Amino acid sequence: MSSKNLALPFVRHITIRGYAQAAPAVRKDAKLQTSVLPNKTFVAAVDNGSPVTRVTIAFKAGSRYEPQTELGLAHVLRSAAGLTTKNASAFMISRKLSQIGASFNASGDREFIYYTLEASQENLQEALVYLNNIVSNQEFRPWELSDNVSRLKFDILSLSPQVRAVDLLHKAAFRRGLGNSLFISPKKIGKISSESLQHFASTTLTPSRCAVSIVGGSQDTAALVAQALQLPAGGDAQSNASTYFGGELRKEMGGDLAHVALAVPGAPAGSPQSLALAVAAKALGNGPVTKWGADNTPLAKAIGNIGPFAAAGFNVSYSDSGLFGIVLSVPKDEANAALKAASKLLKNPNLSGDAIKAGKNQLKLQVLSEAESGVSLSESLAVQGLYTGSAKSAVDIAKDIDQLSSNDVSQVIASVIKNKVSMGAAGNLAFVPYVDEL
């Protein structure tokens, strides 16, 4: 029996530092506008008439850009968002945003860091002043970084085993670059200096690595936000293209469950192959679609009736690579049989036309549903801009999904499953086979 536990977007797990709350948006049809400023900052806007405006400033400052001697910088950087800047204290930032009913959060993944503001139209200009301060004028005072240690520890302690398994999977698959963990090692907490953090910020938070997107505002407003940022024009952090090696990492944590992520190399973001693999991941299975309902997906059928379990296909794409695979949580005693069945399916999916059709419909629903969230849409536009230099609306992406044929999806799957399988595992691993035993 499967559950909805893994239907959540755990693959793109983020750490957030937030303040206050904002009202929900009222949406209506609007045209997407994009441009690239002379300083190479990408700008996008959807003026949908919402009374609440969402502004996202994103940078290529994810964990893949961390130097190997300073792993954990990206986690500390996003956790430090909202601390005292050159022009405002942390207390003032929190108090002022709360007074005008605005909300701010910082989040990140392996490629990017996102600073997102939500504010009502009448208070937008005042809120933007503090967003500019948070992004442009960070100081990273040593005593405040010391006070922030408890938050970093909480982030680590609150990680779910599924997230740990996917994090280990990336490390096993790529080793460095995309293999860098999203989270700082417990041994490194408190040892990242203010100078190291300032240097990382000065080389990654630059105009050419920046995208500004706004939902509920005009293109001119987005351009003004980008132009007002006081960013260094100097150094530019580099990351070598991540090579897929394939491998296995395990973390014994005890408990009654085993959490395992299996994957083969995927496709870069923005490519037709990436979209096809996203369909394939949905077609493999993502849990039951109704509460307490039966799971009739290919993945659930392959694993069989072994007792309570959760299993989902996933696809994650980056600028130069990706991962396509399966994540499952099973009782420790059933791990051997379940994992071998899932591995067999991954190596030879043989998805039917009906399964691929269902996968396309589910992916379209996800894309269109996420577009209903102003924050998700704002961050998505910024990501597209940093990946490809352009952006598509959710409706256009849904049309691209419709244009994929079953043959297109099958051909892409056939090309990726020839590669070596990687595995990340966490939990009770007593009966979890090693990857070379699958």
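Among the residues that make up the stretch 104-113, is at least one of them in contact with a strand residue (DSSP E or B) (Cβ under 8 Å, 6 or more places away or on another chain) and more than 23 Å from residue 167 (Cβ to Cβ)? Yes - at least one qualifying residue is present in the stretch 104-113.
On the given criteria, is residue 121 at pLDDT below 95 and surrounded by 19 or more Cβ atoms within 10 Å (Cβ to Cβ)? No: the conditions fail for residue 121.
The set of residues from the stretch 301-335 being open to solvent by 10 Å² or more (accessible area, probe 1.4 Å), assigned to a helix (DSSP H, G or I) and not acidic (Asp, Glu) comprises 301, 302, 303, 332.
Among the conditions (1) more than 19 Å from residue 345 (Cβ to Cβ); (2) open to solvent by less than 70 Å² (accessible area, probe 1.4 Å); (3) of a type in the set (Val, Ile, Thr), the only one that residue 243 does not satisfy is (2). The condition of being open to solvent by less than 10 Å² (accessible area, probe 1.4 Å), touching a residue at least 12 places away in the same chain (Cβ under 8 Å) and not β-branched (Val, Ile, Thr) holds for only one of 338, 371, that being 338. Counting only strands (runs of 3 or more DSSP E) that sit completely within the stretch 1-97, those holding 3 or more residues that are at pLDDT below 90 correspond to 17-19. Pairs linking a residue in the stretch 304-331 that is over 27 Å from residue 380 (Cα atoms) to a residue that is of a type in the set (Asp, Glu) and open to solvent by 10 Å² or more (accessible area, probe 1.4 Å), with Cβ atoms under 8 Å and 6 or more positions apart or on different chains, are 306/334; 307/334; 309/334; 331/256. Exactly one of these conditions fails for residue 180: (1) under 30 Å from residue 243 (Cβ atoms); (2) open to solvent by 10 Å² or more (accessible area, probe 1.4 Å). Give me its number. Evaluating residue 180 over (1) under 30 Å from residue 243 (Cβ atoms); (2) open to solvent by 10 Å² or more (accessible area, probe 1.4 Å) leaves (2) as the failure.
All of (1) in contact with a helix residue (DSSP H, G or I) (Cβ under 9 Å, 6 or more places away or on another chain); (2) farther than 19 Å from residue 34 by Cα; (3) open to solvent by less than 50 Å² (accessible area, probe 1.4 Å); (4) without any contact (Cβ under 8 Å) to a residue 60 or more places away in the chain hold for residue 402 with one exception: (3).
The values are calculated or read from the model by the stated rules, or taken from the named source; none is laboratory data. Note that the structure is predicted; figures quoted are calculated from it, not measured. For neighbour counting, all protein chains shown are included, and Cβ atoms are generated from backbone atoms with ideal geometry for every residue, glycine included. Surface accessibility is based on the protein's heavy atoms, side chains included, excluding ligands, DNA and RNA. Shrake-Rupley method; radii C 1.70, N 1.55, O 1.52, S 1.80 Å.
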